[in-house]
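The block underneath contains the structure these notes are about, expressed in structure tokens.
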Amino acid sequence: MSGVVEVAGSESSFAYAARRAGVVWAGLFALGIGFGVLVISKGLPWWLAPLISGTLFAGSVEFLFIGLLAAGAPLASIALVTFLVNARHLFYGLSYPLDLVKGRWAKAYAIFALCDEAFALVGSAPRGGLTTARILWIHAGLHVSWALGGLTGGLVGGALLSNVRGLDFILTALFVVLTMDAWRESRDPVTLGLAVVAGVGAQVVAPGSMLLVAMSAFTAALVGRHLLGRRALREEDGRA
Amino acid sequence: MPEASWFVALGVAVAITVTLRAVPFALRARMRDSELLADVGRWMPLGALAILAVYCLATIDVSAPDRGVPQLVGVAVTVGLHLWRHNAVLSLVGGTLACVILSTWILP
């Protein structure tokens, strides 16, 4: 009867994942439809949506990737934008509980599918409640919802929504919403101010490569801020 | 017509993304000690998202025939819904619907 026990075990892991992550799964499915429709609206074939969503699995970069692909941007630009936009992933590994994921392939999949939402959901879950199966279900649910959304949007978008305009606005809405959420998390006016100045400045100075210029200037400003903060700390130590 | 360049571009993007996700686990101990990386990691999410938002907002074309009104209304609806309900899906769907309805049927 070991088969029955296994099924029951995987069901409860799935139920746990669905309870913790179900709403986000649904959200990614809806957003994935938007991505699929965007792919169609750029004149690209429907199957690119599930293909990109299944392999790249990095929401914001995928929207930018499609725009760059449709515009015929050079490979170097695509690589640089992917690097700069996804560079934030470098910091996820510092606190993600990979030690709770047992097994070589399970670890490999968890890293492959470590999108923003997976990091947020798994990283914020109580450690005691997490098992390999539960973590993988959270990741897989996000992954499958996102890819299925892309497939649905790509197919339905081609059939029904070819005359609809303005759907690519979902990308603008996505970043406005994510920025508002990040602001609620940190309430850091210096960071927001530096980023907005970098963004607007880059748009004025170099509209063709705005993202590259803005992200580079912003990163340089953060390094400067870090160094200034350390100097201020040392001066305080000196006075004390 | 599928183009080979799409697959090359996708392969490069996937390789970069997976590498960025994997590298910190390989360097975990060393990176944990870096105060610079800790600071940048703390500040980067809000800043990167704000720059992406500026990037998208800058594409709104106020010299277009519709004066960019659908997009501007979409931003207002998105922000308003998000301040009101704090529900990302609702804000995205509401703002995008407002933009789609205006640009498809009302101000085509």
Quick check on segment A:114-160: of everything there that is outside any helix (DSSP H, G or I) and buried (at least 20 other Cβ atoms within 10 Å of the Cβ), which residue is modelled with the highest pLDDT? A:L114
Inspect all residues belonging to segment A:1-17 and state whether any of them is at pLDDT 80 or above, over 23 Å from A:A140 (Cα atoms) and in a loop (DSSP other than H, G, I, E, B). no
Give me the pairs, please: first residue somewhere in segment A:131-147 and in contact (Cβ under 8 Å) with a residue 40 or more places away in the chain, second residue anywhere and of a type in the set (K, R) and surrounded by fewer than 22 Cβ atoms within 10 Å (Cβ to Cβ), beta-carbon distance under 7 Å, and either six or more positions apart or on two chains. A:I138/A:R20
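Give the residue that is surrounded by the most Cβ atoms within 10 Å (Cβ to Cβ), with candidates limited to residues of segment A:91-113 that are more than 9 Å from every other protein chain (Cβ to nearest Cβ) and assigned to a loop (DSSP other than H, G, I, E, B).
Here the residue is A:V101.
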Which listed residue is under 23 Å from A:I78 (Cβ atoms) and either modelled with pLDDT of 90 or more or in contact with a Lys or Arg (Cβ under 6 Å, 6 or more places away or on another chain) (or both), from B:V79, B:V8, B:V73: B:V8
For segment A:56-80, which residues satisfy the criterion of being buried (at least 21 other Cβ atoms within 10 Å of the Cβ) and either part of a loop (DSSP other than H, G, I, E, B) or hydroxyl-bearing (S, T, Y) (or both)? A:L56, A:F57, A:A58
Would a scan of segment B:30-49 turn up a residue that is part of a loop (DSSP other than H, G, I, E, B), charged (D, E, K, R), within 23 Å of the chain's Cα centre (by Cα) and more than 8 Å from every other protein chain (Cβ to nearest Cβ)? no
Hits in segment B:55-106 (condition: among the hydroxyl-bearing types (S, T, Y) and facing another protein chain (nearest Cβ under 7 Å)): B:Y55, B:T78, B:S91, B:T96, B:S103, B:T104
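The values are calculated or read from the model by the stated rules, or taken from the named source; none is laboratory data. The structure displayed is predicted, hence computed values, not measured ones. Please note: Cβ atoms are built from the backbone with ideal geometry, for glycine as well, and neighbour counts cover all protein chains shown.
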